[in-house]
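What follows draws every value from the coordinates through simple rules; no lab data is involved. These numbers come from a predicted model, not from an experiment. All Cβ positions, even for glycine, are placed from backbone atoms using ideal geometry, and neighbour counts span all protein chains on display.
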Amino acid sequence: MSIEQSEEIKQSIRKGTTTVGIVCSDGIVLAADKRATMGGMIVAHKKVDKVFKITDNIALTMAGSVSDAQLVMKLLQAELKIKAMRTSTQPTVNEAVNLLGAIVYQNIRKFSTILAITGFLVGGTDNNGFHLYDIGIDGSVQKHDDYTTDGSGFMYALGVFETLYKKDMKISEGVGLAVKAINAAIQRDTSTGEGIDVFTITKAGVQKVFSKQLERRLEM
């Protein structure tokens with residue numbers, strides 16, 4: 001394979017989004033933009049949902065290949081429902097993320113002409129407290145005690161977090177910080193845009209607390 005072909009493949013599988021997760025003293029904040037792109041160059045959709053409720057106490061953000069991310073998420077939801085019915089108990093966040101990591105691990109290692117590139121951030125609460133994880137494209141599972149970000153605009157969001165994040169900040173502060181982080185990516189990353197969705201995971205469960213669609217149409 002030539003260097004030129006290798007670069008073409010890298011461009012075709014590049015993630016086109018920005019997702020963030022923040023640990024607060026009273027919960028977890030998850031947020032993402034709403035733009036879907038083809039190869040990071042063409043805007044394919046402007047109203048994509050990228051943050052989803054998985055159980056009453058667990059939510060995730062997704063990035064990467066849309067079809068694979070949607071399939072993996074549906075498999076996760078189904079497996080967690082089956083486990084809850086069989087055991088009469090709700091799965092812990094740790095159980096959910098390790099199952100998700102295993103599914104992603106198996107998915108990316110299947111032979112296919114289209115690589116299964118996916119990235120997930122998972123936030124949740126259980127009897128052991130509040131938790132934030134990221135699941136890498138290879139199925140790796142990493143826990144975070146402050147914040148994390150994924151997607152093509154992650155470096156812009158990371159800069160905001162490094163400057164403005166405060167330990168033990170409240171959910172209300174975390175929501176504002178998440179909006180600032182996604183907005184920073186929207187301003188500079190061509191694969192991030194169109195709007196922002198923000199979810200919180202607290203002892204009251206998963207809630208969508210902010211949604212804003214950005215309008216860029218000019219009329220004479």
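On the given criteria, is Lys166 of a type in the set (Lys, Arg) and either touching a residue at least 24 places away in the same chain (Cβ under 8 Å) or assigned to a loop (DSSP other than H, G, I, E, B) (or both)? Against the criterion (of a type in the set (Lys, Arg) and either touching a residue at least 24 places away in the same chain (Cβ under 8 Å) or assigned to a loop (DSSP other than H, G, I, E, B) (or both)), Lys166 qualifies.
A quick yes/no check of all residues on (1) of a type outside the set (D, E, K, R); (2) touching a helix residue (DSSP H, G or I) at 6+ places or on another chain (Cβ under 7 Å); (3) free of Cβ contacts under 8 Å to residues at least 60 places away in the same chain:
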position	(1), (2), (3)
Ile82	yes, no, yes
Ala96	yes, yes, yes
Phe111	yes, no, yes
Gly123	yes, no, no
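Can you find even one residue in the stretch 62-73 that is in contact (Cβ under 8 Å) with a residue 60 or more places away in the chain, part of a strand (DSSP E or B) and surrounded by 16 or more Cβ atoms within 10 Å (Cβ to Cβ)? Explain how you work it out, then say what you get.
Quick first cut of the stretch 62-73, residues in contact (Cβ under 8 Å) with a residue 60 or more places away in the chain only: 63-64.
The next check asks that each one be part of a strand (DSSP E or B); those that pass are 63-64.
Still in the running and surrounded by 16 or more Cβ atoms within 10 Å (Cβ to Cβ): 63-64.
For the stretch 62-73, residues in contact (Cβ under 8 Å) with a residue 60 or more places away in the chain, part of a strand (DSSP E or B) and surrounded by 16 or more Cβ atoms within 10 Å (Cβ to Cβ): present.
When restricted to residues that are under 11 Å from Leu100 (Cβ atoms) and of a type outside the set (A, V, I, L, M, F, W, C), the stretch 47-77 contains 1.
Matching residues to (1) hydroxyl-bearing (Ser, Thr, Tyr); (2) more than 23 Å from Ser152 (Cβ to Cβ); (3) in contact with an Asp or Glu (Cβ under 9 Å, 6 or more places away or on another chain):
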{"position": "Val51", "(1), (2), (3)": "no, no, yes"}
{"position": "Ile82", "(1), (2), (3)": "no, yes, no"}
{"position": "Arg86", "(1), (2), (3)": "no, yes, no"}
{"position": "Asn94", "(1), (2), (3)": "no, yes, yes"}
{"position": "Leu99", "(1), (2), (3)": "no, yes, yes"}
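Only residues that are closer than 20 Å to Thr125 by Cβ and crowded, with 19+ Cβ neighbours inside 10 Å were counted in the stretch 176-204, giving 7. Scanning the stretch 30-61 for residues being in contact with a helix residue (DSSP H, G or I) (Cβ under 7 Å, 6 or more places away or on another chain), in contact (Cβ under 8 Å) with a residue 40 or more places away in the chain and either more than 19 Å from Gly124 (Cα to Cα) or surrounded by fewer than 16 Cβ atoms within 10 Å (Cβ to Cβ) (or both) gives a total of 2.
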